[in-house]
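Report on the structure given below.
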Amino acid sequence: MIIPLHIPIREQFTDTELATFCLSNPDLRVERDEFGQLFINMSPTHLLTSSNNSELNGEFVIWNRRTKAGKVIDSNGGFFLADKSMRAPDVAWIHKEHWNQLSTAEKKSFPYLAPDFVLELESDTDNLEDLKQKMVKWISNGVRLGWLVSMSEQQTYIFRPNLVPETKPFAEKLVGEDVLIDFEVVLIDILEME
């Protein structure tokens, strides 16, 4: 399938231009690093990755419905971060206090906000070391807790500010600590391995 791209002539996009570009090209998944380089993904993920991502999102949605603690954001939601990047994690969660501080216009675009929690799910085409660096960037920009779910290693890397990442195998319980209060999941129970 051929998808036309609507790209303004610019060496680097301003935040407004990037938001306009993304809204003009809804079939693309676009991220920008802190140096202004764009990363564009047009390919849909294969069914196994998509299913696993849905299972993960579902766990957070069910927990959040019960607790009414904030908002769960799927992989289509982008965030402008303090380092000038614009990133879109596979799952994000924003505490209700932070959500309520956003204007309607911010909710309809990419807010200048680091989510309280992010999750990145490794797919077949991902480079694990690149994902680890991406998680470091999330944390350095204000994310309070991050999980990198490594399908190739069947373990989760847990990122927190000012701490060395910890790992847990899929068979062990992950808990939301003081960010996702009362959230817990055992990934081997919900993810399908290859």
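Some points to look at:
- Search result, residues across segment 111-149 that are within 14 Å of Pro161 (Cβ to Cβ) and in contact (Cβ under 8 Å) with a residue 60 or more places away in the chain: Asp116, Phe117, Lys137, Asn141, Gly142
- Qualifying residue in segment 50-66 (condition: of a type in the set (A, V, I, L, M) and in a strand (DSSP E or B)): no
Residues are listed down the side, and each one gets a yes or a no for (1) within 19 Å of Gly36 (Cβ to Cβ); (2) under 16 Å from the mean Cα position of the chain (by Cα); (3) among the charged types (D, E, K, R):
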| position | (1), (2), (3) |
| --- | --- |
| Ile73 | no, yes, no |
| Leu81 | yes, yes, no |
| Ala92 | no, yes, no |
| Lys96 | no, no, yes |
| Phe110 | yes, yes, no |
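- Of the criteria (1) modelled with pLDDT of 95 or more; (2) under 25 Å from Phe39 (Cα atoms); (3) hydroxyl-bearing (Ser, Thr, Tyr); (4) out of contact with any Asp or Glu (no Cβ under 7 Å at 6 or more places or on another chain), which one Thr125 fails: (1)
- Flag if Lys71 is free of Cβ contacts under 8 Å to residues at least 40 places away in the same chain, basic (Lys, Arg) and over 25 Å from Asp27 (Cβ atoms): no
- Those strands (runs of 3 or more DSSP E) of segment 89-194 in which 2 or more residues are surrounded by fewer than 17 Cβ atoms within 10 Å (Cβ to Cβ) occupy 166-169, 173-175, 184-186.
- For segment 139-157, a residue qualifies if it is within 21 Å of Ala69 (Cα to Cα) and touching an Asp or Glu at 6+ places or on another chain (Cβ under 8 Å), and the qualifying residues are Val143, Arg144, Leu145, Gly146, Trp147.
- For segment 37-67, a residue qualifies if it is modelled with pLDDT of 95 or more, among the polar types (S, T, N, Q) and over 17 Å from the mean Cα position of the chain (by Cα), and exactly one does: Thr67.
- Boolean, Leu18 is closer than 26 Å to Gln133 by Cβ and in a helix (DSSP H, G or I): yes
The values are calculated or read from the model by the stated rules, or taken from the named source; none is laboratory data. Everything quoted here is computed from the prediction, not taken from an experiment. Please note: Cβ atoms are built from the backbone with ideal geometry, for glycine as well, and neighbour counts cover all protein chains shown.
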